[in-house]
Amino acid sequence: MSAIFGAVVLDKNRKIDSPFVENIKEIYMETFSKCAIDCFCDVVTEKTYMSCGIQYFTKEAEYEKLPAGFLNYVYNADVILDNREELIRKISADKNVSDKILSDCDDNIADGKLLDLIYQNYGEHVLDEIAGAYCAVWYDIKKNEVIILSDAVGYRFVYYTIKDNILYYSSLMKPLEKIIGSVKLNERYLADFIGQDNYNMFTECEETPIKDIYRTA
């Protein structure tokens, strides 16, 4: 399992430069450097800055290489899979999967890489077959599109906000509060929380107590 954070420029006419990366990295690391992380890794492209703080608490986690940059997309994830063996068997039995993928899909494959292989080969509908705690971010370079998803019960998720046509995401909310600058309470969210007379504490599952900061549902 990991902590993930980053930024994606959605403006087609803008690219990430070194001063931006250094500034945003400093904001994130002010919070995440205090966490129990074994290894931080970064990927920077023309449109993205992504970072992953990896925790080596399973033997497969030591093989994790996140974030990952590919020809068509950039990928980041916080994931631990409960049905690894089942997913590995699914790929191994698929005659349409390339030899390269089959060679990568062994018992030591990291959970983050396995989630990406499953998603890239079978699409969103395969998420129903995945058991575990995870959230992931894909940036499609050609489409200039970001996909953020989390597990079915919302055990792992990311917070996100958009400012100046840049998407910022984080496993922790604190860095995003600094990024948006002026922190305001989400009064409607708080009214729901206080006013509900049942166990459903809020009505908007993607909102948070802070205005303009959201979370994956």
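One line per residue, one yes/no per condition, for (1) closer than 17 Å to residue 137 by Cα; (2) open to solvent by less than 70 Å² (accessible area, probe 1.4 Å); (3) out of contact with any strand residue (DSSP E or B) (no Cβ under 6 Å at 6 or more places or on another chain); (4) part of a helix (DSSP H, G or I):
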position	(1), (2), (3), (4)
11	no, yes, yes, no
27	no, yes, yes, yes
34	no, no, yes, no
43	yes, yes, no, no
66	yes, yes, no, no
91	no, yes, yes, yes
96	no, no, yes, no
109	no, yes, yes, no
114	yes, yes, yes, yes
Practice item. Being touching a Lys or Arg at 6+ places or on another chain (Cβ under 8 Å) and in a helix (DSSP H, G or I) is the filter here, so list the residues in region 139-186 that pass it. Key: 179, 180
Review point. Say we look at region 68-89 and pick out the residues that are among the acidic types (Asp, Glu) and assigned to a helix (DSSP H, G or I); which of these is most open to solvent (accessible area, probe 1.4 Å)?
Key: 85
Exercise for review: May I ask you to list the residues in region 45-64 that are within 21 Å of residue 17 (Cβ to Cβ) and either among the β-branched types (Val, Ile, Thr) or surrounded by fewer than 23 Cβ atoms within 10 Å (Cβ to Cβ) (or both)?
Suggested key: 45, 46, 47, 48
**Study point:** From the options 106, 111, 128, residue that is over 22 Å from residue 152 (Cβ atoms) and either in contact (Cβ under 8 Å) with a residue 40 or more places away in the chain or among the acidic types (Asp, Glu) (or both)
**Key:** 106
Practice item. Hey, can you tell me all the residues within region 159-180 that are touching a strand residue (DSSP E or B) at 6+ places or on another chain (Cβ under 8 Å) and either open to solvent by 50 Å² or more (accessible area, probe 1.4 Å) or without any contact (Cβ under 8 Å) to a residue 12 or more places away in the chain (or both)? Key: 162, 165, 172
Point to revise | Condition check for residue 134: free of Cβ contacts under 8 Å to residues at least 24 places away in the same chain, under 23 Å from residue 214 (Cβ atoms) and out of contact with any Phe, Trp or Tyr (no Cβ under 7 Å at 6 or more places or on another chain) | key: no
Review point. Pick from region 193-217 the residues that are part of a loop (DSSP other than H, G, I, E, B) and at pLDDT 85 or above: which of them is most open to solvent (accessible area, probe 1.4 Å)?
Key: 211
Review point. Only one of (1) open to solvent by 70 Å² or more (accessible area, probe 1.4 Å); (2) at pLDDT below 95 fails for residue 145. Which number is that?
Key: (2)
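The values are calculated or read from the model by the stated rules, or taken from the named source; none is laboratory data. All values reported here derive from a predicted model rather than from experimental measurement. For neighbour counting, all protein chains shown are included, and Cβ atoms are generated from backbone atoms with ideal geometry for every residue, glycine included. Ligands, DNA and RNA are excluded from the accessible area calculation, which covers all protein heavy atoms including side chains. Shrake-Rupley method; radii C 1.70, N 1.55, O 1.52, S 1.80 Å.
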